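Colleague: The following block contains the structure, expressed as structure tokens.
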Amino acid sequence: LPKVEIKSIENIKFDEYSVKIDNSESDKRIKEIANNQPNFKDASDDTKAKEGDLISFDYTATIDDKPFKGGEGKNTQLTLGKDLFLKGFDKQLFGVKKGDEKIVEATLPENFPEKELINKKAKFNCIISTIKNPEETKIDDTFAKNLGAKDLNDLKNLISKQINDEYKNSLDRLSKNQILKEIEKFKVS
């Protein structure tokens with residue numbers, strides 16, 4: 001077998017990073033979490049639904065005036081403006097009020113379970129049961145407890161640690177890459 005000499009790696013140079021997270025970073029992250037978890041409160045009966053509102057409705061759908069499998073829904077919830085149900089569906093519900101009946105037309109998507117109905121235009125007869133308006137989430141101890149922390153202070157600490165770990169992992173990867181580049185420079189004799 002050829003003789004392999006192992007050279008000393010003591011002299012490898014690489015940068016080691018440390019991270020210091022500013023409190024404003026964790027406050028910003030907590031605000032983002034709060035914005036992504038909006039609370040909703042019941043709107044008055046004469047309120048017209050607008051972008052950002054959460055509406056609940058029952059529907060029955062037809063294609064060429066015939067019902068189809070998967071064409072019924074009870075207590076379906078939709079945040080208007082997110083376009084997450086069927087493309088262009090929720091825009092047609094802007095302006096409805098509680099108790100309104102509204103026909104919405106939409107094309108069934110590529111991933112619709114009944115393959116023969118894909119890309120067919122369906123008419124949805126929607127009966128609106130509730131409209132709720134978004135309410136700003138209060139960032140307090142209750143909010144923190146809902147996220148599994150003891151209190152708001154504990155949540156801030158947990159978020160700071162999470163941000164710290166994210167940065168540290170990225171920086172450790174940079175150091176590791178530097179070390180690997182240095183090792184590549186070694187010549188096997």
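Colleague: Condition first: among the basic types (Lys, Arg), touching a Ser or Thr at 6+ places or on another chain (Cβ under 9 Å) and not in a loop (DSSP other than H, G, I, E, B). Now tell me which residues in the range 95-134 satisfy that.
Modeller: Residues of the range 95-134 that are among the basic types (Lys, Arg), as a first pass: 97-98, 102, 115, 120-121, 123, 132.
Restricting the remaining residues to those that are touching a Ser or Thr at 6+ places or on another chain (Cβ under 9 Å) gives 97-98, 120-121, 123, 132.
If the condition is that a residue be among the basic types (Lys, Arg), touching a Ser or Thr at 6+ places or on another chain (Cβ under 9 Å) and not in a loop (DSSP other than H, G, I, E, B), then 121, 123, 132 are the ones that fit.
Colleague: Taking the options 159, 179, name whichever one is in a helix (DSSP H, G or I), closer than 30 Å to residue 25 by Cβ, in contact with a helix residue (DSSP H, G or I) (Cβ under 6 Å, 6 or more places away or on another chain) and open to solvent by less than 60 Å² (accessible area, probe 1.4 Å).
Modeller: Exactly one residue qualifies, and that residue is 159.
Colleague: Among the candidates 171, 152, single out the residue that is surrounded by 12 or more Cβ atoms within 10 Å (Cβ to Cβ) and closer than 30 Å to residue 41 by Cα. Walk me through how you get there before you give the answer.
Modeller: Details: 171 fails: closer than 30 Å to residue 41 by Cα.
Selected residue: 152, the only one of 171, 152 that is surrounded by 12 or more Cβ atoms within 10 Å (Cβ to Cβ) and closer than 30 Å to residue 41 by Cα.
Colleague: Just to verify a result, which residue in the range 66-103, among those that are farther than 22 Å from residue 41 by Cβ and touching a residue at least 24 places away in the same chain (Cβ under 8 Å), is surrounded by the fewest Cβ atoms within 10 Å (Cβ to Cβ)?
Modeller: 69
Colleague: Restricting the search to the range 1-53, which residues are among the aromatic types (Phe, Trp, Tyr) and at pLDDT 85 or above?
Modeller: Result: 40, single match.
Colleague: Next question. Being of a type in the set (Ser, Thr, Tyr) and within 16 Å of residue 99 (Cβ to Cβ) is the filter here; which residues of the range 49-75 pass it?
Modeller: Of everything in the range 49-75, those that are of a type in the set (Ser, Thr, Tyr) and within 16 Å of residue 99 (Cβ to Cβ) turn out to be 56, 59.
Colleague: Taking the options 30, 103, name whichever one is in contact with a strand residue (DSSP E or B) (Cβ under 7 Å, 6 or more places away or on another chain) and either closer than 30 Å to residue 159 by Cβ or β-branched (Val, Ile, Thr) (or both).
Modeller: 103
Colleague: Within the range 23-65, track down each residue that is open to solvent by less than 80 Å² (accessible area, probe 1.4 Å) and without any contact (Cβ under 8 Å) to a residue 12 or more places away in the chain.
Modeller: Filtering the range 23-65 down to residues open to solvent by less than 80 Å² (accessible area, probe 1.4 Å) leaves 24-27, 29-30, 33-34, 38-40, 43-44, 47, 49, 52-63.
Passing the criteria: 24, 44.
Colleague: Please go through the range 35-56 and give me each residue that is in a strand (DSSP E or B) and within 23 Å of the chain's Cα centre (by Cα), ordered by number.
Modeller: Hits for the range 35-56 are 39, 40, 41, 54, 55, 56.
Colleague: Step by step: first the residues of the range 124-149, then only those that are farther than 30 Å from residue 50 by Cβ and surrounded by 15 or more Cβ atoms within 10 Å (Cβ to Cβ), then the one that is nearest to the chain's Cα centre (by Cα). Which residue is that?
Modeller: 144
The values are calculated or read from the model by the stated rules, or taken from the named source; none is laboratory data. All values reported here derive from a predicted model rather than from experimental measurement. Please note: Cβ atoms are built from the backbone with ideal geometry, for glycine as well, and neighbour counts cover all protein chains shown. Heads up: the accessible areas ignore ligands, DNA and RNA and are worked out on the full protein's heavy atoms, side chains in. Shrake-Rupley method; radii C 1.70, N 1.55, O 1.52, S 1.80 Å.
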